[in-house]
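Comments concern the structure below.
The values are calculated or read from the model by the stated rules, or taken from the named source; none is laboratory data. None of these values were measured; they are calculated from a predicted model. Please note: Cβ atoms are built from the backbone with ideal geometry, for glycine as well, and neighbour counts cover all protein chains shown.
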Amino acid sequence: MKKKLIFSGIRATGRLHLGNYLGMVKGMLQLQEDEKYQLLFSVVDIHAMTTPYDKDKLSQQTYDVVLDYLACGLDPEKSLLLVQSKVGDLHAELAFYFSTVMTVARMQHLPTFKEKIKQHPDNVTMALLNYPVLMAADILVYHSELVPVGIDQEPHLEVTREVARKMNSLYGLDFPEPVRFATKGGKVPSLVGEGKMSKSVGGSFINLTDDLETIEKRLASAPTDSGKGEIVPISGGVANLLTFVELFQGEGRRKKYEELYLGEGIRYGDLKNELAEAIYAELKPIQEKRAELEKNPDYVRQVIDAGAKKAREIASKTLKEVKERMGLV
Ligand code: TYM
């Protein structure tokens, strides 16, 4: 049986945080166990260039994500690891063809674009505008039908489906219309108030490489209240903490805290200590494996090269077909 390819990626903007882990990596690991699929775990380093970046740090940031992926359980016997720029010629070429069917107006209206131009008003580049089209190329060049990503990526998947529909109807291609593979942590909240955990919001995240002390410190700054009330909050700091409790300690523990909130009150010091330990218990084996991998750069290089070679074979076939259908050859 021919396995179906599943592609997903993380930008090379530093180490992974709990949002990346719960929203994306865990979904990939779940699918990795399914015989029907072959996974492509990608570090999308070209996407990291769409907002201001440091050229002297990019390759180290890419390598850090590679190590995090392997440490989390990406199994090179089953799955492929892909550094996007290793096949950047093919992904970027396909993105260019895709850009012929998408209008500037459509791209300018995307909420993700609007958010980014607010963060970087002096860097509203063509690369940024084209970000989702490159993402569509990443996914469709491998005909990936399922994409494990967090909820924040939905607008980009919508663009991907639109590109697929247009390419199929205009050029008789057979791209799938990919859907999100959801995990329980599709929207991991920020540690500091509203919004989601994000690399670009200082204090909002816990990295996979954080030790217990750092996790405790980060949780300590999460806002709380008096610990009791008539209604359990559904947004804000306390609601976010309860979400973390559910994700790392289970629904039962969350219910227990909800009862305390409505009754004698929650002692947040205890909650945060317990939660920090539960998070660290999940991260500790990942950190141990990462430390092993750090000692073995030759092995890591080999995994990167093998993934690039296999991805190139697959992507070349798609490019050949697209070029023929679009009248280029
Ligand atoms: P990036 O690097 O912003 O995030 C990587 C993955 O982590 C998820 N994520 C979250 N999930 C839940 N809660 C959060 N707080 C949280 N923060 C981040 C993101 O949803 C994402 O799945 N555009 C992508 C990279 C990309 C890509 C692709 C993904 C490029 N090409 C092709 C899939 C397929 C991005 O910016 O990810």
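Of the residues making up region 276-304, not one is surrounded by fewer than 12 Cβ atoms within 10 Å (Cβ to Cβ) and closer than 24 Å to Leu134 by Cα.
Would region 87-99 turn up any residue that is of a type in the set (D, E, K, R) and closer than 22 Å to Gly19 by Cβ? Please lay out each step first, then the result.
At the first step, the residues of region 87-99 found to be of a type in the set (D, E, K, R) are 89, 93.
Filter again for closer than 22 Å to Gly19 by Cβ, leaving none.
No - not one qualifying residue is present in region 87-99.
Given the condition modelled with pLDDT of 95 or more and under 23 Å from Ile46 (Cα atoms), answer yes or no: does some residue in region 189-196 qualify? Checked region 189-196: no residue is modelled with pLDDT of 95 or more and under 23 Å from Ile46 (Cα atoms). Filtering region 162-188 to residues that are more than 13 Å from the ligand (Cβ to nearest atom) and part of a helix (DSSP H, G or I) leaves Glu162, Ala164, Arg165, Lys166, Met167, Asn168, Ser169, Leu170, Tyr171.
Among the criteria (1) touching a residue at least 24 places away in the same chain (Cβ under 8 Å); (2) touching a Gly at 6+ places or on another chain (Cβ under 8 Å), the one Asp225 does not fulfil is (1).
State yes or no: is Glu230 more than 12 Å from the ligand (Cβ to nearest atom), part of a loop (DSSP other than H, G, I, E, B), of a type in the set (Asp, Glu) and surrounded by 15 or more Cβ atoms within 10 Å (Cβ to Cβ)? So Glu230 fails the test. Within region 135-159, the set of residues being within 8 Å of the ligand (Cβ to nearest atom), in a helix (DSSP H, G or I) and of a type outside the set (A, V, I, L, M) comprises Asp138, Asp152, Gln153, His156. For region 1-17, taking the residues that are aliphatic (A, V, I, L, M) and over 10 Å from the mean Cα position of the chain (by Cα), the one that is surrounded by the fewest Cβ atoms within 10 Å (Cβ to Cβ) is identified as Met1. From the list Ala136, Ala92, the lone residue that is surrounded by fewer than 19 Cβ atoms within 10 Å (Cβ to Cβ) and small (Gly, Ala, Ser) is Ala92. Val124 meets all of the listed conditions (1) within 12 Å of the ligand (Cβ to nearest atom); (2) surrounded by fewer than 18 Cβ atoms within 10 Å (Cβ to Cβ); (3) in a loop (DSSP other than H, G, I, E, B) but one, namely (1). Listed by first and then second residue, the pairs linking a residue in region 1-30 that is closer than 21 Å to Lys78 by Cβ and of a type in the set (A, V, I, L, M) to a residue that is in a helix (DSSP H, G or I) and more than 7 Å from the ligand (Cβ to nearest atom), with Cβ atoms under 6 Å apart and 6 or more places separating them unless they lie on different chains, are Ile6/Leu31; Ile10/Val65; Leu16/Asp68; Val25/Cys72.
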